[in-house]
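Below is one structure, written out as structure tokens; comments come after it.
The values are calculated or read from the model by the stated rules, or taken from the named source; none is laboratory data. Since this is a predicted model, take the numbers as computed values, not measurements. Heads up, the Cβs are rebuilt from the backbone with ideal geometry, glycines too, and the neighbour counts pull from every protein chain shown. Accessible surface areas use protein heavy atoms only, side chains included; no ligands, DNA or RNA. Shrake-Rupley method; radii C 1.70, N 1.55, O 1.52, S 1.80 Å.
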Amino acid sequence: VSREPSVDVTPLKEGKTDAKYTTYKTPGVVEKGDVIIYTIRVYNEGEMAGYAETVADYLPEGLEFVPASESTINTENGWTNPLGDGKTIVTDKLSGTILKAFDGTTLEYLDVKIECKVTASVQIGKVSLKNIAEITAHSDSEGNITVKDYDSTPENLSDDQKANYNPGSSEQGWGYED
């Protein structure tokens, strides 16, 4: 079963600020020491082209960041752990690539991968490893950082939201509307 989301752009065509994302995931069992590689897909649902300057990934309990010195994937994707907490990981990998605006048909996206290690044995679906990421800095196609992203407020997730992410809880889309 594909883990790539199915994206319905009908809400965007109707003037809403979010597309509808549906991801089908088959629960799996992971063991302590297993490596998980996440693909974080960043979409531009807006009306203007722009850059995702910085993406932050907030790793849940049960996962740890594999340092770039030990991971080709994390090195290639520019991940760092500036707080040294092993949980708040950031990258500017996408900053140099423009994300085109939604044109009424095509919803552009960019992918960035991150490699993590399981620190405890869990069955996904029973004890969840729900990884959450957000754009924490963005700019328009001219590099202006003051442009308002109408459906995202960088760095507005509480520690509780980061730890207890509940996909599907929003009326407008999947995950926390921020």
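Values computed for the structure shown
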| read-out | value |
| --- | --- |
| Qualifying residue in region 98-105 (condition: part of a strand (DSSP E or B) and over 30 Å from Thr146 (Cβ atoms)) | no |
| Matching residues, region 72-97, being assigned to a strand (DSSP E or B) and of a type outside the set (A, V, I, L, M) | Thr80, Thr88, Thr91 |
| Criterion violated by Thr106 - all others in (1) open to solvent by less than 20 Å² (accessible area, probe 1.4 Å); (2) under 27 Å from Leu12 (Cα atoms) satisfied | (1) |
| Output for region 47-77, where each listed residue is of a type in the set (Asp, Glu) and crowded, with 18+ Cβ neighbours inside 10 Å | Asp57 |
| Answer residue from region 127-142, given it is surrounded by 11 or more Cβ atoms within 10 Å (Cβ to Cβ) and in a loop (DSSP other than H, G, I, E, B) and is modelled with the lowest pLDDT among those | Val127 |
| Near pairs, Cβ below 7 angstrom, 6+ apart or cross-chain, from region 29-57 (farther than 11 Å from Ala133 by Cα) to any residue that is open to solvent by 50 Å² or more (accessible area, probe 1.4 Å) and part of a strand (DSSP E or B) | Val29/Gln123; Gly33/Lys117; Val35/Lys117; Ile37/Lys113; Tyr43/Tyr109 |
| Unique match (being within 14 Å of the chain's Cα centre (by Cα), of a type in the set (Lys, Arg), surrounded by 13 or more Cβ atoms within 10 Å (Cβ to Cβ) and modelled with pLDDT of 90 or more) among Lys162, Lys93 | Lys93 |
| Test result for Lys16, under 22 Å from Ser139 (Cα atoms), surrounded by fewer than 18 Cβ atoms within 10 Å (Cβ to Cβ) and either among the aromatic types (Phe, Trp, Tyr) or at pLDDT below 95 (or both) | yes |
| Test: residue in region 39-61 that is assigned to a strand (DSSP E or B), aromatic (Phe, Trp, Tyr) and modelled with pLDDT under 90 | yes |
